[in-house]
1. With respect to Arg66, is the statement that it is without any contact (Cβ under 8 Å) to a residue 60 or more places away in the chain, under 19 Å from Thr120 (Cα atoms) and within 14 Å of the chain's Cα centre (by Cα) true?
2. Of the numbered conditions (1) of a type outside the set (A, V, I, L, M); (2) in contact (Cβ under 8 Å) with a residue 24 or more places away in the chain; (3) surrounded by 17 or more Cβ atoms within 10 Å (Cβ to Cβ), Tyr59 fails exactly one; give the number of that condition.
3. For segment 92-123, which positions are among the hydrophobic types (A, V, I, L, M, F, W, C) and touching a helix residue (DSSP H, G or I) at 6+ places or on another chain (Cβ under 8 Å)?
4. Might you check whether a residue that is closer than 17 Å to Val1 by Cα and hydroxyl-bearing (Ser, Thr, Tyr) occurs anywhere in segment 28-41?
5. Looking only at segment 9-40, which residues are open to solvent by 30 Å² or more (accessible area, probe 1.4 Å) and either at pLDDT below 95 or under 21 Å from Ser101 (Cα atoms) (or both)?
6. Would a scan of segment 108-117 turn up a residue that is open to solvent by less than 80 Å² (accessible area, probe 1.4 Å), among the small types (Gly, Ala, Ser) and touching a residue at least 40 places away in the same chain (Cβ under 8 Å)?
7. May I ask you to verify whether Ser54 is over 17 Å from Val11 (Cα atoms), touching a Phe, Trp or Tyr at 6+ places or on another chain (Cβ under 6 Å), of a type in the set (Gly, Ala, Ser) and surrounded by fewer than 16 Cβ atoms within 10 Å (Cβ to Cβ)?
8. Within segment 66-87, does at least one residue satisfy the condition of being at pLDDT 95 or above, open to solvent by less than 40 Å² (accessible area, probe 1.4 Å), within 22 Å of Arg105 (Cβ to Cβ) and in a loop (DSSP other than H, G, I, E, B)?
Amino acid sequence: VQLQASGGGLVQAGGSQRLSCAASRRTASNNGMGWFRQAPGKEREFVASISWNSASTIYADAVQGRFTISRDNGRNTVYLQMNSLKPEDTAIYYCAVARSSYSGRRSTDYNYWGQGTQVTVSS
């Protein structure tokens, strides 16, 4: 499975941005998917995840209430809507496909990763 993330860029604090991640194979529609991010000098951290049927979503405390993860299995695509962005949200954002139908917070729950898209939030 290949993943292509897009939608990153420069945005002002308080603004919104939507990331997209398209999977190359329909197989991904049977698996959970997630978003992680990595800021300069920091370890990669979990952002959000969604089950194969969108019935279950999980968010990191830092983004709860501001970010929304969703998916369109017909398009093999997962989205991350980011609102009320803060400078501390600046990072490279990675999408990933989980090993099972449901997905969690650990990077080891995922076995396919996209190349990442840069999000920069200016103050």
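The values are calculated or read from the model by the stated rules, or taken from the named source; none is laboratory data. Bear in mind that the values here come from a model prediction, so they are computed numbers and not experimental data. Every residue, glycine among them, receives a Cβ derived from its backbone with ideal geometry; neighbour counts consider all protein chains shown. The accessibility values were calculated without ligands, DNA or RNA, using every heavy atom of the protein model including side chains. Shrake-Rupley method; radii C 1.70, N 1.55, O 1.52, S 1.80 Å.
1. Numbers: without any contact (Cβ under 8 Å) to a residue 60 or more places away in the chain: yes; under 19 Å from Thr120 (Cα atoms): yes; within 14 Å of the chain's Cα centre (by Cα): yes.
The answer is yes for Arg66.
2. Against the list (1) of a type outside the set (A, V, I, L, M); (2) in contact (Cβ under 8 Å) with a residue 24 or more places away in the chain; (3) surrounded by 17 or more Cβ atoms within 10 Å (Cβ to Cβ), Tyr59 comes up short only on (2).
3. Initially, segment 92-123 is screened for residues among the hydrophobic types (A, V, I, L, M, F, W, C), giving 92, 95-98, 113, 119, 121.
If the condition is that a residue be among the hydrophobic types (A, V, I, L, M, F, W, C) and touching a helix residue (DSSP H, G or I) at 6+ places or on another chain (Cβ under 8 Å), then Ala96, Val97, Ala98, Val119, Val121 are the ones that fit.
4. Taking segment 28-41 first, the residues closer than 17 Å to Val1 by Cα are 28-35.
Applying the additional criterion that residues be hydroxyl-bearing (Ser, Thr, Tyr) yields 29.
Yes, that holds for at least one residue.
5. Passing the criteria: Ala22, Ser24, Arg25, Arg26, Thr27, Asn30, Pro40.
6. Applying the first criterion (open to solvent by less than 80 Å² (accessible area, probe 1.4 Å)) to segment 108-117 yields 109-111, 113-114, 116-117.
If we keep only those that are among the small types (Gly, Ala, Ser) as well, we get 114, 116.
When the remaining residues are screened for being touching a residue at least 40 places away in the same chain (Cβ under 8 Å), the result is 114, 116.
Within segment 108-117, one or more residues are open to solvent by less than 80 Å² (accessible area, probe 1.4 Å), among the small types (Gly, Ala, Ser) and touching a residue at least 40 places away in the same chain (Cβ under 8 Å).
7. Values: over 17 Å from Val11 (Cα atoms): yes; touching a Phe, Trp or Tyr at 6+ places or on another chain (Cβ under 6 Å): no; of a type in the set (Gly, Ala, Ser): yes; surrounded by fewer than 16 Cβ atoms within 10 Å (Cβ to Cβ): yes.
Here the answer is no, as Ser54 does not meet what is asked.
8. yes
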